Amino acid sequence: MKLNYDRKSRDPTYFIQVGIRNGKKVTTKNVERIGKHSELLKITDDPLEYARQKVKEYNDNLKNSRVEYNITIHFDDKVINRGNIVSRSTCRNIGYLYLKEIYSSLKLSGFFEKVCSDRRIAFHPDMINMVLAFSRILDPGSKLHTLKNLSLFYGDFDFSHQDILRFMDILEENYDEYLSHLFESSNKVIKRNTSVCYFDCTNFYFEK
């Protein structure tokens, strides 16, 4: 930390400033205001020296507040072979939890319950639709790719590749209703301006 003030000003304001390095560039930021020169004259005869002491105290407090954590590593220890050809991470992707909040607001679970009410199916269409949507955003790939990487997501997702294909049949049969539901429900989440319409001539789509 260092002292920052306008040296050309007759009544400068003193700040405690920090330097932040971003690659090769260094930017500065004022983290605390010490006071104006005229204000400090009420409590000291030398505001500049007073400000310098404040910076020194700030830096001393930072040094004393640091916590040291020591780890002892024995390089003679051997990693136990568990029989795995390659190591596997136990980390799980929880980034989709933010997307799940938005997904829930679209009320798609109720939509799939309605269109599948007269069907006898063992899988959950809403779950498959949700996973495919999140994977398209977080880890784009084929449906088979999504299925093979389900273990990377935090949660219990139990469906097969055949279930995905059957779900796609349901989605195709109710495609127009699905888009209509998304349009209406998303407009309740974020109001859209329909005074301007856009034409996508490449795919012959029209947004109203």
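Things worth noting here:
- Once the Cα-Cα distance is subtracted from the 0.36 nm per residue extended length, the Asn61 to Glu49 segment shows a gain of 2.5 nm.
- Using a cutoff of 8 angstrom between alpha carbon atoms and counting only pairs six or more residues apart, the relative contact order for the range 96-207 works out to 29 percent.
- Residues with amide H under 5 Å from that of Lys36, placed H, sequence gap 5 or more: Tyr14
- When both the range 6-57 and the range 118-135 are represented by their alpha-carbon centers, they are found 60 Å apart.
- Using a simple spin-label model with pseudo-atoms 7 Å out from Cα toward Cβ, Ser9 and Leu182 lie 5.4 nm apart.
- Couplings for the range 96-108, taken from phi via the Karplus curve 6.51 cos²θ - 1.76 cosθ + 1.60 with θ = phi - 60°, read 6, 4, 5, 5, 4, 5, 5, 4, 4, 5, 8, 6, 6 Hz in order; Gly and Pro are left as x.
- Under the simplified labelling scheme, the Asp118-Arg21 pair shows an inter-label distance of 7.0 nm, with each label point 7 Å from Cα along Cα→Cβ.
All of the numbers you see were taken from the coordinates with simple rules; none came from a lab. Fair warning: this is a prediction, and the values are worked out from it, not measured in the lab. Every residue, glycine as well, gets a Cβ built from its backbone with ideal geometry; the counts of neighbours run over all protein chains shown.
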